[in-house]
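Structure record follows, encoded as structure tokens.
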Amino acid sequence: LKQSTNYSISTMSLATTGAGAGMAGGGGGALSMSAMAHGGPSGLATHQAHSQHQNAHSSIPSGTAGTAAPGTSYAALGADLLDKNQSFLNSRGVRAVSSLPIVAVDLYGDDDTVDVAYFPPLEEEDKMNGDDHDEMAAMMKQMAKMKKGCLAKHVVSSNCSGNVILKRDDSTAYKAVKRFLNKAEGHEDVLTNALVTTTTTTTTSSRNNDVADSGTIIIPRPHLIMGTRKPSDFNAAAKFTYGKYTPKSYNNSTTSSPQLIAEEDGATNTTLLSIKTIAMDGSASPNGDDFDRVALSIKLNSKKKAMTILPEEAVGLLIAQVKKSVRDEFVKDFPESELANESSNGGDDGEEEEGEGGESYMDLPPAFAIPGWATLDSTVEALIDAAGSSSGCGPSLHQRSIAACVGALVPPVGMAPKGAPAPAGSKLQELLSETMKSKDAAAVKEEAKEAALARRDPGQVDPFVPLVLLAGVTNEGIELTAVQITKPQGPDKELHCPFGNINVISSVCYAYGGDDPLSMVPKAMDELREQIGIAVPESEEPTAIVTYGSVGSQKKLAKAVTSVLTKYGKEGKDSDDWDGWDEDITIVSTDRGCVSMGLAVLAASVHGRVKLVVSVKGTDDKLRPKAKLGVAVQDVATCAVAVSFNYFGGADNKWTEPKVIFDFDRRVPAGPYQID
């Protein structure tokens, strides 16, 4: 292998990302590493057979003659990056933002608004990590916390859609955007002078590929294409949204802008918005490697040269807009806070440079919910770049379905009723708690009966482990995730997390381009049901199916899911192997802010604001308090990773059959893998 290709590979680690994950080759050979969206059982075969449902990377070769060579591809380690995002949250960075609210952003939700929530900083008396030797004082403090109820808050008036809407033919707006792109500063100037607040009409038109109305340019859903190396790598959702702006006969060599600059030579181009590929390594043109990036060319001023903006820069403007909205909401809720004092004084020292006034909101630590079909490392790394924070604290990243699960378990916002020790639990929490109690009681009774007949003492009964399905659908994709929820913990331990452990069993996710994403529900349900039967065959039928998203989308989704469950019930009536799936399974709807609220709690757990205090015995046999995560999540990957070799200079029909080295639903993080 080394002689024929002029390189050798020994060990590949999931911790490795960046340029090394792209096309590698020397001499007469090449290596491609590609990603696939979840395809259920036999994922590789499923995705080759059902190409209309592929996420983004149909470039994985099938090994047949005439197959196109795989393009610059990703190691698809985004799921692992989500799991390892703690590396961006060192204790020093977390301490630096301990006095600031955490901003939870659901970029991938229904496309009328970006859903936002925040989690406030801990009060000074709560920063002691439970190190309180006065037992009575600690109990009183915990009771006071329980009375307050859920601390996370849904920000209704974020005024942010998933689209970047900029003023056109406005000299002030043009200068603000130009400065932002050239100097990577001036968010406030752009938000004040160039960015237009969303309306229902502009949001709807962007889905129909209208890029401009009177005096504006709309960059639709830029997070769909951030980090992408070339337009052919677009997933189904990105192709549907950006197909109009991508030339049919796209040729990388036609692009003229090699670097990230605000102005380019193509002044004669009158197109308001178009797609291009640029090189980030200073090359004169894209090279088809991991340094290439898809960029947007926008014509903000008809008399000026066009500007080149990376999708992650556009996403950065959305994030800045969201952070500013949260800052304003938080200051209103906590007028005596440190952030409120900074805002009223114009900054930490009361003096800020011209154009930078009031940008203290950029220090707010963000958290993002990412659907399974978008968890590629290219997307995750671009989002980390877009998050931008001068505080030194990176973003907290979580899978969107798990954020919805936590959000569905969070008790309703508000203080406990008079005479009650804590607020009532959520619908899902009460359902799970009651089911677990009744199942456990029935199991104990059955064990006692069997023990009596066998004339022995009753044995220990394993607690019932509920299986919960999480279902979310938007115009851009579908997510179905199966989890087992365990470790009940009362509000006296941690109010925000009534269960301490979420174990992900399987996740089936597809990006979608079209007008009827619900058409994917039967196929996705079939795949998830089969995966559950393989992974946890001893599990009973789901205790509940939880839907999340807008009210309208949840109603439609619940109807589609019920139709599939009814079919399962009819098919299983006369079968001895029936798994119990039918229309009697409870479907639980959630509030609009379910994802962002759950994300805020997950991020607060990572930041140490939502925690359990347990007693740990030290080497001297003394018990000492120690803080633990409020909820522990065991994730699985929503992507598979495959490698393919070419020993003939990259000839199109000479690629070997792809070998899946990390399959769907693997536990993350996984260890290094030896490649022969």
Note to self: I need the fraction of alpha carbon pairs in region 520-597 separated by more than 20 Å, rounded to a whole percent.
What the structure shows: 36
Item checked: Relative packing of peptides 273-285, 597-609, 322-334 - highest average C-beta neighbours within 10 Å first -> 597-609, 322-334, 273-285
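Among the listed pairs Lys175/Lys305; Lys523/Lys559; Lys175/Lys304; Lys153/Lys628, which have their C-alpha atoms separated by more than 18 angstrom in this model?
Numbers: Lys175/Lys305 12 Å; Lys523/Lys559 15 Å; Lys175/Lys304 11 Å; Lys153/Lys628 23 Å.
Long pairs (Cα-Cα over 18 Å): Lys153/Lys628.
Hey, what D do you get for region 555-625 in µm²/s if you plug the Kirkwood alpha-carbon radius into Stokes-Einstein at 20 °C and 1.002 mPa s?
128
Which FRET efficiency value, to the nearest 0.05, is calculated for Thr566 and Ala443 with the Förster distance at 45 angstrom and r the Cβ-Cβ distance?
0.95
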Margin query: Can you compute log10 of I(q)/I(0) for region 545-676 with the Debye formula, treating each Cα as one identical point scatterer, at q = 0.10 Å⁻¹?
Written below: -0.75
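Region 437-514: which trypsin sites (Lys or Arg not before Pro) are DSSP loop and have at most 11 other beta-carbon atoms within 10 angstrom?
Answer by residue number: Arg455, Arg456.
Show me the ranking of peptides 182-193, 361-372 by mean Cβ neighbours inside 10 Å, starting with the highest. Before the final figure, lay out each step's value.
Numbers: 182-193: 18.3, 361-372: 25.8.
Those peptides, ordered most packed to least, come out 361-372, 182-193.
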Item checked: Amide hydrogen neighbours beyond the local backbone of Ala632, cut-off 5 Å, H modeled -> Asn501, Ile502
Next item on the list: Go ahead and run the numbers for FRET between Leu623 and Asp385, Cβ-Cβ distance against an R0 of 56 Å, rounding to 0.05.
Entry: 0.80
Next item on the list: Roll a 1.4 angstrom probe over the protein heavy atoms and tell me the percent of accessible area of region 539-667 that is carbon or sulfur.
Entry: 48
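How would you order 165-175, 636-646 from highest to lowest mean count of nearby Cβ atoms within 10 Å? Could you put the intermediate results ahead of the total?
Working: 165-175: 19.0, 636-646: 25.7.
Put in order of decreasing packing, that is 636-646, 165-175.
What number, in percent, do you get for the relative contact order of region 567-676 if the mean sequence gap of Cα pairs under 8 Å and at least 6 apart is divided by its residue count? Kindly include the intermediate steps, with their values, before the conclusion.
Working: 103 pairs, mean separation 17.1, N = 110.
Contact order relative to length: 16 percent.
The values are calculated or read from the model by the stated rules, or taken from the named source; none is laboratory data. Since the structure is predicted, the reported quantities are computational estimates derived from the model, not experimental observations. Here Cβ is always computed from backbone atoms with ideal geometry, including for glycine, and neighbour counts include all displayed protein chains. For the accessible areas, the whole protein counts, side chains as well, though only heavy atoms, and no ligand, DNA or RNA atoms are used. Shrake-Rupley method; radii C 1.70, N 1.55, O 1.52, S 1.80 Å.
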